[in-house]
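In what follows, a structure is listed as structure tokens, so that the remarks can point back to it.
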Amino acid sequence: EKGGYDYFMLKEIAEQPKAVADTLLGRIDGSGSLTLDEVRIPPGVLREIDKVVIVACGTAFHAGMIAKYAIEHWTRLPCEVELASEFRYRDPILDAQTLVIAISQSGETMDTLMALRHAREQGSKVLAICNTNGSTIPRESDAVLYTHAGPEVAVASTKAFLTQLVACYLVALYLGQVRGTKWGDEIRAVIRDLSSIAGAVDQVLVTMEPVRELARTLASKKTVLFLGRHVGYPVALEGALKLKELAYMHAEGFAAGELKHGPIALIEEDLPVVVVVPSPRGRSVLHDKIVSNIQEIRARGARTIVIAEEGDEAVVPYADHLVRIPATPTLLQPLVATVPLQVFACELATARGNEVDQPRNLAKSVTVE
Ligand code: BG6
């Protein structure tokens with residue numbers, strides 16, 4: 001069942017290139033346009049939408065945070081992302097012009113289900129992004145875009161997360177395509193880039209041995225911090241969540257720009273800090289700012305674990321450990337940057353003797369509020 005792997009989680013990490021490719025399959029036509037016929041919300045309705053609200057929990061929430069960057073950039077629609085468990089208790093502003101996107105691997109998470117029920121009661125259209133055919137969340141939604149990750153057994157989500165990202169990009173690009181934006185050329189280029197992204201994920205997977213070795217040396221640490229910016233910020237949060245779930249270690253993700261507003265006080269000698277570095281091409285200002293952050297924390301003794309694009313030489317002098325990822329368009333970087341963090345958490349958990357597939361106190365799907 002585990003296909004020769006010790007844990008389902010290792011198997012599911014390894015399946016990510018296929019999961020990503022399967023989620024794209026049949027959704028890009030020969031001319032490079034998206035054909036999301038399954039999204040049964042008529043284009044006319046999608047053109048009238050004036051706001052997008054994403055609700056989700058846990059790892060799916062991090063996918064939603066990344067989706068916000070893509071949706072706002074490619075569609076210019078305002079997009080909010082909210083923890084499903086908080087959503088309905090604050091009387092959110094919803095109407096028929098709001099598109100609500102509910103992201104859930106299992107399709108059974110009660111918090112997410114209650115949030116979408118609330119949204120539909122207010123007259124909003126709900127699109128589910130889900131990995132489980134026929135589950136409750138898609139059944140109760142107006143439309144569903146299924147992720148094709150295949151069954152995910154390990155409690156901590158890996159391949160489902162990557163396919164949620166793919167689905168979110170598809171929705172963002174589709175909304176851009178249907179509504180028409182000034183980013184038409186960029187949208188076509190990104191659709192092309194998405195077609196080759198599974199290969200990039202594969203490329204990361206085959207270079208993970210140094211990450212495993214590093215993780216084993218950190219097994220006795222108490223805390224690991226994660227820093228990122230832009231779409232790298234939710235990636236940092238996801239890296240920290242994985243470490244909490246699997247290694248039972250204190251881990252926190254921060255937006256690197258916030259470092260100076262508080263978290264830098266935590267930096268001490270030999271504290272491991274993982275930094276997700278934005279591409280030096282895309283938004284190069286952010287790249288340069290994060291390089292300064294790495295310098296700052298290293299000057300205070302942090303042990304820097306730097307995840308940076310191939311060819312990014314600026315980070316080299318400040319990286320105690322350097323993890324290379326393939327160059328991708330800025331918004332797509334989470335698809336490759338998350339993988340080393342999954343491997344890192346899995347290996348650390350194993351080194352600490354933890355049960356990787358069934359972490360203590362957690363359940364794969366939480367069907368109570
Ligand atoms: C949690 C799981 O309880 O539910 C997480 O342990 C998961 O791994 C979260 O991210 C949300 O689950 P789902 O099925 O709604 O994506």
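When the chain is described by a simple charge dipole with +1 on each Lys and Arg Cβ and -1 on each Asp and Glu Cβ, the residue from A219, A255, A19 located farthest towards its positive end is A255. Using only side-chain charges placed at the Cβ, +1 for Lys and Arg and -1 for Asp and Glu, the dipole size of the chain relative to its Cα centre rounds to 280 debye. Measuring how big the range 21-129 is from its alpha-carbon positions, Rg and Dmax come out at 14.0, 45 Å. Bridgeable lysines around K125 (alpha carbons under 17 Å apart, same-chain partners fewer than 8 residues away excluded): K51. In degrees, nearest 10, range 0 to 90: what is the angle between the Cα axis of helix 110-121 and the longest Cα principal axis of the chain? It works out to around 30 degrees. Angle of helix 184-195 to the longest C-alpha principal axis of the chain, folded into 0 to 90 degrees and rounded to 10: 60°. Taking every alpha-carbon pair within the chain, the share separated by more than 38 Å comes to 14 percent. Kindly provide the helix-only [θ] at 222 nm of the chain, computed as the sum of -39,500 (n - 2.57) over DSSP H runs of four or more divided by all residues, to the nearest 500 deg cm²/dmol? Helix-only estimate at 222 nm: -13500 deg cm²/dmol.
For K2, the lysines whose Cα falls under 18 Å of its own Cα, not counting residues fewer than eight places away in the same chain, are K11, K18, K159, K364. Annotated for the range 204-341: lysine pairs at least 8 residues apart or interchain, Cα distance under 19 Å, count 5. The loop-placed GluC sites (Glu not before Pro) in the range 230-276, going by DSSP, that have at most 14 neighbouring Cβ atoms within 10 Å of their Cβ come out as E268, E269. Protection proxy ranking for 44-50, 16-22, 202-208, using the average of other Cβ atoms within 10 Å per residue and placing the highest first: 16-22, 202-208, 44-50.
Within the range 201-231, list the trypsin sites (Lys or Arg not before Pro) lying in a DSSP loop whose Cβ has at most 14 other Cβ atoms in a 10 Å radius. Passing sites in the range 201-231 are K222.
The range 122-143 and the range 321-369 have Cα centres lying 26 Å from one another.
Hey, how many Å between the Cα centroid of the range 219-272 and the Cα centroid of the range 158-216? Measuring centre to centre over Cα atoms gives 23 Å.
Protection proxy ranking for 76-87, 309-320, using the average of other Cβ atoms within 10 Å per residue and placing the highest first: 76-87, 309-320. Here the relative contact order of the chain, from alpha carbon pairs under 8 Å that lie six or more residues apart, stands at 19 percent. Helix 232-247 and the long axis of the chain differ in direction by around 70°, with both axes built from C-alpha atoms.
With both labels modelled 7 Å from their Cα along Cα-to-Cβ, the V368 to R283 distance reads 4.0 nm. Both radii were evaluated on the Cα set of the range 223-369; the Rg over Rh quotient, with Rh as the Kirkwood radius, amounts to 0.98.
A Cβ-based charge dipole, computed about the Cα centre of the range 314-369 with Lys and Arg at +1 and Asp and Glu at -1, lands at about 60 debye.
All of the numbers you see were taken from the coordinates with simple rules; none came from a lab. Bear in mind that the values here come from a model prediction, so they are computed numbers and not experimental data. Please note: Cβ atoms are built from the backbone with ideal geometry, for glycine as well, and neighbour counts cover all protein chains shown.
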